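To start, the structure itself, in structure tokens.
The values are calculated or read from the model by the stated rules, or taken from the named source; none is laboratory data. In this text the structure is predicted, and so the values were computed from the model without any measurement. Every residue, glycine among them, receives a Cβ derived from its backbone with ideal geometry; neighbour counts consider all protein chains shown. Areas reflect the complete protein model, heavy atoms only, side chains present, ligands, DNA and RNA absent. Shrake-Rupley method; radii C 1.70, N 1.55, O 1.52, S 1.80 Å.
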Amino acid sequence: MTIGPNLMSVSAPATSGQVPGLPDTAGTPTSALDRLLRSTSHRDRVTHVERIPARAATHAPWPEWVPTDLRAALRRRGVSKLWEHQAVAADCAWSGRSVVLATGTASGKSVAYLLPAVTSALTDQGTTLYLAPTKALAADQLRALRALELADLRVATYDGDTSFEDRDWARRHADVVLTNPDMTHVGFLPGHPRWASFIKRLRFVVIDECHGYRGVFGAHIAQILRRLRRIAGHYGANPVFVLASATVADPGLTARQLVGIEMVEVGEDSSPRAAIEFALWEPPLTDLAGERGAPVRRPATAEASGLLADLVVDRVRTLAFVRSRRGAEAVSLGARRALEESVPELAGRVAAYRAGYLPEDRRELERALHEGALLGVASTNALELGVDVSGLDAVLITGWPGTRASLWQQAGRAGRGAGNALAILIARDDPLDTYLVHHPDSVFGHPVEAAVLDPDNPHVVRPHLAAAAAELPLTEADVAGFGPAAPAALDDLVAAGLLRRRPTGWFWTARERATALADLRGTGGPPVQICERSTGRLLGTVDSGASHSTVHDGAVYLHQGESYVVARLDLEESVALVDAQTPDWTTWARDLTEISIVETRESLRRGEVTLCLGTVEVTQQVVSFLRRRIGSGEVLGEEPLDLPARHLRTTAAWWTVTEDLLTHAGIDAAALPGAAHAAEHAAIGLLPLVATCDRWDVGGVSTALHPDTAAPTVFVYDGHAGGAGFAERAFDQAQRWLTATHDAIAACECDAGCPSCIQSPKCGNGNEPLDKDAALRLLAAVITECWPPTEPATVRTATVD
Ligand SMILES: [Zn+2]
Ligand SMILES: [Zn+2]
């Protein structure tokens, strides 16, 4: 059951008003939501209910080119008929047209690429390279392909764990190789001569879950795919690309940016779907005091525990998605405790999913949920991908999961039989969540956002050109394939002595591995290794840019949901030593930031306001960290840190206002710093609404008088060297972004500001000064000045994204 991109056209009119009446239940059994809403206190927390009707399936005949033994194998696996989108995408690929298939969870996307890939392997020795974002997903595909039991189909995985013998076998015999982008980057492409026989026959490249490739990481993937296309061409192959994505806006654009070629878009989901009642839920404010005495909202996880218990009592099979494993455990524990008091025999039928990525554990969980042995499970988002848990009655989503694509992927797990499925989004104490639960149109009325990526980020292009030259000397003709930033990047590489220009092209002349220059999962400097102090075990790495704020001394660091405390961050050795510990708090790093404008690339003067986009130099120092109690969010204290300042050249969007505008808005010199600061915090919190980023991917600076602009200025910048495309998005979508920022602050019922509106967990100034009222006046004045309400036509077109 799935929710397609056609959500807008099929969704029932939104229930108007703040609190919905009880759903119309005439002639139908009471729904799980009706029963939850019998409690008045529950009713007060629901801000909206969206009803999404059921959809019937549309089938299509099997394409004639699919051999009978493959059809029979799929039938044995339960695929007796094709849905139309599967047949259309498979036909496209088979006829040589690259295609992106963007449909919902459990819409059988893998069948669409499996048909051409396996047919080619069985009939003309064509090979397929399959890229998944995670090893677990590649392992699932391996199992699915093996389960077809086709003797002539040879499938292999190729990842960091693959033995040398198995790699050898894969190179010589495999028809389908399942791998990931990292391995393609460091293994497959540099080792292409050894893969020559596979690459010569390369017919299809499948990129699964491609909506996850965004920001700087997405830009790296785009460059790897350009290298792959060049190497394939060298061996005379011209593979067809088949991309699978969750439903996103404009999947063709994202696909084109990723692969660099035109793509056919298939976005009409023809799989069946149950009806869903989707509630937006806001936990109440509590009496606890947070920073500067601000009110603290009841944590989303506490709310999820209560709801999970209530639903289990009603025998509603429920999956609760929670951000961390620890949070998932707390939710399941809370639900079990509540059940022990009310219906003790049900307490044992609630569990946390904490088994990591082991396939056996996932199979066991799937089984227990399907059979009803378990009624309630709290899980991290690890279950979002690659697990066959669908057909549940209800899904609880604890906090905005970052993107609409994730939201629907999670909600899509609910829906079985003819009854209504239930999904509930529970808001966290955060401005974006506050905004969303008060603006249902931004959740349900917009198509799922397109992934934001900038394949031409010079910081990303440069190392991949070096890697490409090391794979095969770069010719003049090759350069265009790497985009407009390539010529300048080549000059840089030559000047740095890494490439040599010869009459026939550019050659890699350095001795080290060229691929080491590209740090796929981060930027700038060697990554910091995270080692467990007692065992010396390497847990993982964080990119050096993020290390000061994530693995400083005393930081609580989560690795695959397990909790560690950093004993010492050694910057010289790039190592963070950690101890396994589960303290009762989380930590938030705080920084002081200065910013200077290097170049203004675009500027838009609108009366008393100027909006700009350009290059900035950011100097940032992490100065302290805050401890907040898990469960209540209460602030326990702040500790200073002694870390050096860091410099970052990146892209920023900023706006300035004149004295006249301030006077008009009634903001005097005393109120201005608090107004600009509060607007900046909320604007950072709301940027993920228009750009597919996390609030931790961007930073901000506000000042009553900036030396470079000689005016009050609010900056929001990309936290990645060279920029990840987020600031551009902020500039392009300024109206929607700033309007949402204003509305989020206005929607919060606190008096003087709280974490749900203008307080920021990473503020270097301890959330001082902040002025909620003045921020609202400032934002309202800016919005009216830039987009006067007398020009409705302009306003409307500018908000469409
Ligand atoms: Zn507030
Ligand atoms: Zn601040």
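Anything in the range 36-82 that is under 28 Å from the mean Cα position of the chain (by Cα) and either free of Cβ contacts under 8 Å to residues at least 40 places away in the same chain or open to solvent by less than 60 Å² (accessible area, probe 1.4 Å) (or both)? List them, or say none. Give the derivation first.
Of all residues in the range 36-82, those under 28 Å from the mean Cα position of the chain (by Cα) come to 45-55.
45, 46, 47, 48, 49, 50, 52, 53, 55, listed by residue number.
Anything in the range 145-190 that is basic (Lys, Arg) and within 17 Å of residue 201 (Cβ to Cβ)? List them, or say none.
Looking only at the range 145-190, we keep the residues that are basic (Lys, Arg), and these are 146, 154, 167, 171-172.
Matches in the range 145-190: 154, 171, 172.
Yes/no per residue for (1) within 15 Å of ligand 1 (Cβ to nearest atom); (2) in a helix (DSSP H, G or I); (3) free of Cβ contacts under 8 Å to residues at least 60 places away in the same chain; (4) not polar (S, T, N, Q):
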position	(1), (2), (3), (4)
749	yes, no, no, yes
754	yes, no, no, yes
758	yes, no, no, yes
769	no, no, no, yes
775	yes, yes, no, yes
782	no, yes, no, yes
790	no, no, yes, no
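Looking at the range 284-297, is at least one residue farther than 21 Å from residue 563 by Cα and touching a Phe, Trp or Tyr at 6+ places or on another chain (Cβ under 9 Å)? If you could, list the steps in order and put the result at the bottom.
Initially, the range 284-297 is screened for residues farther than 21 Å from residue 563 by Cα, giving 284-297.
After this cut, where a residue has to be touching a Phe, Trp or Tyr at 6+ places or on another chain (Cβ under 9 Å) as well, the list is none.
Checked against the condition, which is being farther than 21 Å from residue 563 by Cα and touching a Phe, Trp or Tyr at 6+ places or on another chain (Cβ under 9 Å), the range 284-297 yields no hits at all.
Would you pick out the residues in the range 571-609 that are touching a Leu at 6+ places or on another chain (Cβ under 6 Å) and either open to solvent by 70 Å² or more (accessible area, probe 1.4 Å) or not aromatic (Phe, Trp, Tyr) (or both)?
Filtering the range 571-609 down to residues touching a Leu at 6+ places or on another chain (Cβ under 6 Å) leaves 576, 585, 588, 601-602, 604, 608.
Passing the criteria: 576, 585, 601, 602, 604, 608.
Are any residues in the range 31-71 among the aliphatic types (A, V, I, L, M) and either outside any helix (DSSP H, G or I) or at pLDDT below 95 (or both), and if so, which ones?
First pass over the range 31-71, keeping only residues among the aliphatic types (A, V, I, L, M): 32-33, 36-37, 46, 49, 52, 54, 56-57, 60, 66, 70.
Within the range 31-71, 32, 33, 36, 37, 46, 49, 52, 54, 56, 57, 60, 66 meet the criteria.
All but one of (1) more than 22 Å from residue 216 (Cβ to Cβ); (2) small (Gly, Ala, Ser); (3) at pLDDT 90 or above hold for residue 632, so report the exception by its number.
(3)
Within the range 722-739, is there a residue that is of a type in the set (Ser, Thr, Tyr) and either closer than 23 Å to residue 214 by Cβ or within 16 Å of ligand 1 (Cβ to nearest atom) (or both)? So that I can check it myself, show each step before the final result.
Filtering the range 722-739 for residues of a type in the set (Ser, Thr, Tyr) gives 739.
If we keep only those that are either closer than 23 Å to residue 214 by Cβ or within 16 Å of ligand 1 (Cβ to nearest atom) (or both) as well, we get none.
Within the range 722-739 (the criterion being of a type in the set (Ser, Thr, Tyr) and either closer than 23 Å to residue 214 by Cβ or within 16 Å of ligand 1 (Cβ to nearest atom) (or both)), the answer is no, since none of the residues qualifies.
Looking at 295, 284, 251, can you tell me which residue is under 26 Å from residue 204 (Cβ atoms) and either in contact with a Leu (Cβ under 7 Å, 6 or more places away or on another chain) or touching a residue at least 12 places away in the same chain (Cβ under 8 Å) (or both)? Steps first, answer last, please.
On the way: 295 fails: under 26 Å from residue 204 (Cβ atoms); 284 fails: under 26 Å from residue 204 (Cβ atoms).
Of the residues listed, the single one that is under 26 Å from residue 204 (Cβ atoms) and either in contact with a Leu (Cβ under 7 Å, 6 or more places away or on another chain) or touching a residue at least 12 places away in the same chain (Cβ under 8 Å) (or both) is 251.
Name the residue, out of 710, 727, that is among the small types (Gly, Ala, Ser) and over 23 Å from the mean Cα position of the chain (by Cα).
Numbers: 727 fails: over 23 Å from the mean Cα position of the chain (by Cα).
From the options 710, 727, the qualifying one is 710.
Among the residues of the range 226-272, write down those that are over 22 Å from residue 130 (Cβ atoms) and either modelled with pLDDT of 95 or more or open to solvent by 10 Å² or more (accessible area, probe 1.4 Å) (or both).
Those that are over 22 Å from residue 130 (Cβ atoms) and either modelled with pLDDT of 95 or more or open to solvent by 10 Å² or more (accessible area, probe 1.4 Å) (or both): 249, 250, 253, 268, 272.
Name the single residue, out of those in the range 740-769 being over 23 Å from residue 44 (Cα atoms) and of a type in the set (Ser, Thr, Tyr), that is surrounded by the most Cβ atoms within 10 Å (Cβ to Cβ).
Per the criteria, the residue is 741.
Does at least one position in the range 95-106 carry a residue that is within 29 Å of residue 474 (Cα to Cα), in contact with a strand residue (DSSP E or B) (Cβ under 7 Å, 6 or more places away or on another chain) and open to solvent by 40 Å² or more (accessible area, probe 1.4 Å)?
For the range 95-106, residues within 29 Å of residue 474 (Cα to Cα), in contact with a strand residue (DSSP E or B) (Cβ under 7 Å, 6 or more places away or on another chain) and open to solvent by 40 Å² or more (accessible area, probe 1.4 Å): present.
Does residue 152 satisfy the condition of being of a type outside the set (A, V, I, L, M, F, W, C), in contact with a strand residue (DSSP E or B) (Cβ under 8 Å, 6 or more places away or on another chain) and open to solvent by 40 Å² or more (accessible area, probe 1.4 Å)?
Values: of a type outside the set (A, V, I, L, M, F, W, C): yes; in contact with a strand residue (DSSP E or B) (Cβ under 8 Å, 6 or more places away or on another chain): no; open to solvent by 40 Å² or more (accessible area, probe 1.4 Å): yes.
Judged against the criteria, residue 152 is not a match.
Among residues belonging to the range 653-677 that are closer than 21 Å to residue 619 by Cα and within 16 Å of ligand 2 (Cβ to nearest atom), point out the one that is surrounded by the most Cβ atoms within 10 Å (Cβ to Cβ).
We begin by selecting, within the range 653-677, every residue closer than 21 Å to residue 619 by Cα; these are 653-656, 673, 676-677.
Next, from what is left, pick out any that are within 16 Å of ligand 2 (Cβ to nearest atom): 654, 673, 676-677.
Details: 654: 29, 673: 20, 676: 26, 677: 27.
Ranking the qualifying residues of the range 653-677, first place goes to 654.
In this structure, does residue 88 turn out to be out of contact with any Gly (no Cβ under 9 Å at 6 or more places or on another chain), within 16 Å of residue 266 (Cα to Cα) and open to solvent by 40 Å² or more (accessible area, probe 1.4 Å)?
Details: out of contact with any Gly (no Cβ under 9 Å at 6 or more places or on another chain): yes; within 16 Å of residue 266 (Cα to Cα): yes; open to solvent by 40 Å² or more (accessible area, probe 1.4 Å): yes.
Considered against the rule, which asks whether it is out of contact with any Gly (no Cβ under 9 Å at 6 or more places or on another chain), within 16 Å of residue 266 (Cα to Cα) and open to solvent by 40 Å² or more (accessible area, probe 1.4 Å), residue 88 comes out as yes.
When you scan the range 160-172, how many residues do you find that are surrounded by 12 or more Cβ atoms within 10 Å (Cβ to Cβ), of a type outside the set (A, V, I, L, M, F, W, C) and assigned to a helix (DSSP H, G or I)?
Residues of the range 160-172 surrounded by 12 or more Cβ atoms within 10 Å (Cβ to Cβ): 162, 166-172.
From what is left, the residues that are of a type outside the set (A, V, I, L, M, F, W, C) are 162, 166-168, 171-172.
The next check asks that each one be assigned to a helix (DSSP H, G or I); those that pass are 166-168, 171-172.
Adding up the residues that qualify gives 5.
Report, ordered by the first and then the second residue, all pairs with beta carbons closer than 9 Å, sequence separation of six or more or different chains, a first member in the range 454-479 that is open to solvent by less than 10 Å² (accessible area, probe 1.4 Å), and a second member that is among the charged types (D, E, K, R) and not in a helix (DSSP H, G or I).
460/454; 467/513
Pairs, please: C-beta under 9 Å, at least 6 apart or cross-chain, first residue closer than 16 Å to residue 752 by Cβ and in the range 664-685, second among the hydroxyl-bearing types (Ser, Thr, Tyr) and more than 16 Å from ligand 1 (Cβ to nearest atom)?
From the range 664-685, the pairs are 673/702; 673/703; 675/702; 677/702; 677/703; 678/702; 679/702; 681/702.
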